[in-house]
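Below is one structure, written out as structure tokens; the observations come after it.
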Amino acid sequence: MVSFDAMDTHSDVIVLGAGVIGLSLAFELAQQNLRVSVFDIGLAFSGASSAAGGMLVPWTEVHEPNALQQLCTDSFAMYPSYVSRLQRYGNVTLRLSGVLEIAHTAERMAEFERRATALQDAGIDAHMLHMNDLADEEPLVAHDALGGLLTRAGGCVANRELGHALHAACAANDVALYEHVASPEIVHDDERVIGVRIGGALHAGTTVINAMGAWANNAIGVPTSCAIPVSPVRGQLISLRTCDETNLRRVTWSQGIYAVPRGDGNIDIGATSENVGFDVRNTKEGTLGLLDAARRAFPTLHESSCFRAWAGLRPATPDGWPILGKTPLDGYLLATGHYRHGILLAPITASLMAKAVVTNDYSELTPFALERQSLHHASEVVC
Ligand SMILES: Cc1cc2nc3c(=O)[nH]c(=O)nc-3n(C[C@H](O)[C@H](O)[C@H](O)COP(=O)(O)OP(=O)(O)OC[C@H]3O[C@@H](n4cnc5c(N)ncnc54)[C@H](O)[C@@H]3O)c2cc1C
């Protein structure tokens, strides 16, 4: 962390928020030889990015072949090289062992059949598993399941390791990171952004990027035309400690929960989805609900102890898509609203946003622009 006394007087780009989006963007911009400063009102990587399950599952949650699915697909394809770039700054564990979804009803099996066909048509390695194959593929799954959908492309990244590596990558590339700052005020004249004011000191910047996650709409000083429909959706998770031989082979969805094997004997189980404002506390109902669902989905885990429970705030938008690119205020940009996919989407967000900043061409970001219709006409965030 840099002290305020050592603060630069001018940055090419100021990033507000040091989550996975802000840090990956800062790293990318710094690699383009831009002078970058990042300000966070808390500790870097302590928001949703640290709380997340770390799943990289481009086709499990987005089923329609649309621009968001393409963004997820492209970002997933970038992950191996992205992680290799970061490995020189810190170890990042990437496990691409696929994703398994379990069905307990005939309707769910029919849905999986349709999705398997669509995925295969798109050239993705996905296939149905019937009851008898399930036990071979994943011995921990409850025997009352009817079958499942196995998508070989998918997996998880150790998101807290990713945070440490991004932190180190930013430091090594001369990004100035300021943590625990007072709330920045965005300063502008009639035409464009000038910088940010923090605790009375003006820090000038040509471009200011709001990467404040669930807090993105709390930006101070911006015109009302720059209001962003981002709101927090709380997700609670628990972690079960198992012995290695009872660990899951891959990310598995069943009984309304997902289980992410962390490779160290721990399995993260998530997640609730709640509209409770900025409250990041765990609740008894949330923890016990996850524990109960985990024991129904994976009965042999019944002796595992729940050793940790935590929660984070997903930055949700009314249509569930991120908001990337320009605002009506010249020089003030957005990289937020990544909702359930921010870990997955970090590499592509950083790459496309950095390219747009450098070239001043935002056309690739059009589907995710603030002015898109679906952002303002969807009635409410669907949890
Ligand atoms: C329970 C849960 C499970 C998830 N699982 C997955 C998953 O498996 N895969 C996946 O891809 N995604 C997952 N997500 C979603 C993912 O975590 C988010 O989309 C992503 O972390 C958002 O990153 P961010 O950098 O925008 O926000 P954050 O990580 O929340 O960072 C925002 C930062 O902004 C800072 N900030 C706030 N206000 C200000 C201000 N005024 N000025 C400066 N800084 C400010 C905060 O302190 C914080 O550090 C999950 C999320 C949750 C909560």
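Observations, loosely collected:
- Ranked list, fewest to most other Cβ atoms within 10 Å of each Cβ, for Ser75, Ser46: Ser46, Ser75
- Label-point separation in nm, Arg152 to Leu288, each point 7 Å along Cα→Cβ: 4.4
- Of Asp74, Asp189, Asp40, the one that fluctuates the most in a GNM where the chain has Cα springs shorter than 10 Å: Asp189
- Set of segment 316-339 residues, backbone N closer than 18 Å to the point 7 Å along the Cα-Cβ line of Gln32: 323-327, 330-336
- Of the DSSP H helices in the chain, those whose Cα atoms cover at least 24 Å axially and whose Kyte score averages 0.5 or more: 342-359
- Each peptide in 88-97, 166-175 was scored by the mean count of other Cβ atoms within 10 Å over its residues; highest first, the order is 166-175, 88-97.
- Gaussian network model of the chain, Cα within-10 Å springs - most flexible of Gly22, Gly47, Gly265: Gly265
- DSSP beta bridges confined to the chain are antiparallel in about 70 percent of cases.
- Spatial separation of Cα centroids for segment 172-231 and segment 120-144, in angstrom: 47
- Overall, segment 231-316 carries a charge dipole of about 120 debye about its Cα centre when +1 sits on the Cβ of Lys and Arg and -1 on the Cβ of Asp and Glu, all other atoms neutral.
- Fully extended contour minus Cα-Cα distance, from Ala171 to Ala110, at 0.36 nm per residue: 17.0 nm
- Among Val187, Val251, Val260, residue whose mean-square fluctuation peaks in a GNM of the chain (springs only between Cα atoms under 10 Å): Val187
- Cα-centre dipole for segment 32-143 with unit charges at Cβ (Lys and Arg positive, Asp and Glu negative), debye to 20: 760
- Using only side-chain charges placed at the Cβ, +1 for Lys and Arg and -1 for Asp and Glu, the dipole size of the chain relative to its Cα centre rounds to 480 debye.
Every number in this text was worked out from the coordinates using simple rules, so none of it is lab data. Quick caveat: nothing in here was measured; it's all calculated off a predicted structure. All Cβ positions, glycine included, derive from the backbone under ideal geometry; neighbour counts span all protein chains shown.
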